[in-house]
Amino acid sequence: MRDFIELAVILPVFNEAKAIDKHFKIIYDTLKQFDSDIHFVIVDDGSIDDTWSIVQGLVKDYGDVKAIRFSRNFGKELAIFAGLESIDAQKYVIMDSDLQHPPKYIKDMLEVMDTENADIVEGVKESRGKESYIYKIVATSFYRLLESLTGLKLENSSDFKIINNRVVSALCAIKEKSLFFRGLVDWVGFKKVEFPFVVDAREDGTSRFTARTLIRLAFTAILSHTSKPLYLTIIASGIMFVLAIILGIQTLYNYVLGHAIGGFTTVIILILFSSSMIMFSLGIIGFYISRIYDEVKGRPRYIIAENHLRDEETHE
Ligand code: UDP
Ligand code: MG
């Protein structure tokens, strides 16, 4: 068996040249105070500033720092996965490099992990920190929509997490290309414990996510965790069918009373019923496409947490 290191810290970075040096030193010094067997993996998500040369400097200065550079900006989710896949450890810390996930909490998070015997410790935002009013409204509506469609409750969740190697193996077995890290950590199961923390303000610049990347991430979150929108037309077809019956009766009533223009009754009834039938068939097709989508994703059918299957453990 390979000799796993104790703790790996995964740090995705994107255009952080101005502060990465200072921030990394704070993270490094804080963590090294309580454990020496810690390695760091900095993943440069295709920065276009000087981030990479600074990161290379850090790799040279510290013996326990590794680094990966993407060929372009592939997004934070993939940067996290690249980090997880690059190193074997017992436990993994995933955190932002901008100190908004304060390293001072990690010691307590690790303790909670041990005492509760948990596989996942999830940093939960106690307050959402400084965010604009509009951002808050948009984010809240998105989380409501996500919850109603997928059942994922992620309103105050964050990517600030500690997960053990069982969880990492399960995550790395997922081969999808569009990934939403927080959703997948929820999907793989295992024992989770929440850890409330206060989000500090971003010290340098503003969020590296643009409105466009956030919208793209929101779509990925919904599309990769539910295929419900595909067959929602079934519900619309039901409503349409009820309306068709009501309007059909009214049209026939006018026809019997002689109020209708010639041929009009047939056209209305045909349109009403054929459109509800078309919607219904689209919904049926949607059901099949959603099954195909689930199969194509090729996620593991189940994930085993532990087993007692070996011969020596059976007593006869
Ligand atoms: N980040 C990344 N790729 C991106 C955007 C951000 O690796 O495309 C990194 C960024 O450098 C930081 C972390 O992800 O370490 C969180 O990003 P940021 O602080 O900009 O986002 P927010 O705090 O608004 O979630
Ligand atoms: Mg941040």
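The values are calculated or read from the model by the stated rules, or taken from the named source; none is laboratory data. What you see is a predicted model, and the numbers here were worked out from it, not measured in a lab. With ideal geometry, Cβ positions are generated from the backbone for all residues, glycine too; neighbour counts draw on all protein chains shown.
So which residues in region 272-288 are of a type in the set (Ser, Thr, Tyr) and either exposed (fewer than 14 other Cβ atoms within 10 Å of the Cβ) or under 31 Å from the mean Cα position of the chain (by Cα) (or both)?
Ser274, Ser281, Tyr288 - these are the residues of region 272-288 that are of a type in the set (Ser, Thr, Tyr) and either exposed (fewer than 14 other Cβ atoms within 10 Å of the Cβ) or under 31 Å from the mean Cα position of the chain (by Cα) (or both).
Of all residues in region 55-82 being small (Gly, Ala, Ser) and away from ligand 1 (no atom under 15 Å from the Cβ), which is modelled with the lowest pLDDT?
Among those that are small (Gly, Ala, Ser) and away from ligand 1 (no atom under 15 Å from the Cβ), it is Gly63.
Being touching a helix residue (DSSP H, G or I) at 6+ places or on another chain (Cβ under 7 Å) and touching a residue at least 40 places away in the same chain (Cβ under 8 Å): is that true of Val112 here?
No; evaluated as a whole, the condition is false for this residue.
What residue, of Phe241, Phe209, is surrounded by 12 or more Cβ atoms within 10 Å (Cβ to Cβ), within 16 Å of ligand 2 (Cβ to nearest atom), among the aromatic types (Phe, Trp, Tyr) and farther than 18 Å from Thr150 by Cα?
Exactly one of Phe241, Phe209 is surrounded by 12 or more Cβ atoms within 10 Å (Cβ to Cβ), within 16 Å of ligand 2 (Cβ to nearest atom), among the aromatic types (Phe, Trp, Tyr) and farther than 18 Å from Thr150 by Cα, namely Phe209.
If the requirement is being touching a Phe, Trp or Tyr at 6+ places or on another chain (Cβ under 9 Å) and closer than 22 Å to Glu176 by Cα, which of these qualifies: Ile54, Ile94, Ile106, Ile68?
Ile94
Please enumerate the residues belonging to region 194-217 that are more than 13 Å from ligand 1 (Cβ to nearest atom) and in a helix (DSSP H, G or I).
Quick first cut of region 194-217, residues more than 13 Å from ligand 1 (Cβ to nearest atom) only: 194-198, 215.
The one that is more than 13 Å from ligand 1 (Cβ to nearest atom) and in a helix (DSSP H, G or I): Ile215.
When you scan region 122-175, how many residues do you find that are among the β-branched types (Val, Ile, Thr) and under 20 Å from Pro300 (Cβ atoms)?
5
I want to confirm something. Restricting to region 158-181 and keeping residues that are farther than 14 Å from Ala82 by Cα and surrounded by fewer than 19 Cβ atoms within 10 Å (Cβ to Cβ), which single residue is nearest to ligand 1 (Cβ to nearest atom)?
This residue is Asp159.
Being in contact with a Leu (Cβ under 7 Å, 6 or more places away or on another chain) and touching a residue at least 60 places away in the same chain (Cβ under 8 Å), is that true of even one residue in region 121-139?
no
Is it the case, given these coordinates, that Arg310 is modelled with pLDDT under 85 and more than 30 Å from Ser132 (Cα to Cα)?
Considered against the rule, which asks whether it is modelled with pLDDT under 85 and more than 30 Å from Ser132 (Cα to Cα), Arg310 comes out as yes.
Could you identify the single residue in Tyr143, Tyr135 that is farther than 22 Å from Ile5 by Cβ, within 14 Å of ligand 2 (Cβ to nearest atom) and within 19 Å of the chain's Cα centre (by Cα)?
Going through Tyr143, Tyr135 in turn, just one is farther than 22 Å from Ile5 by Cβ, within 14 Å of ligand 2 (Cβ to nearest atom) and within 19 Å of the chain's Cα centre (by Cα): Tyr135.
I'm trying to understand the selection: among the residues of region 83-117, which are more than 12 Å from Val13 (Cα to Cα), among the small types (Gly, Ala, Ser) and within 16 Å of ligand 1 (Cβ to nearest atom)?
Result: Ser86, single match.
Could you check region 138-188 and list, in sequence order, the residues that are closer than 10 Å to Ile222 by Cα, modelled with pLDDT under 90 and assigned to a loop (DSSP other than H, G, I, E, B)?
Selection gives Leu152 alone.
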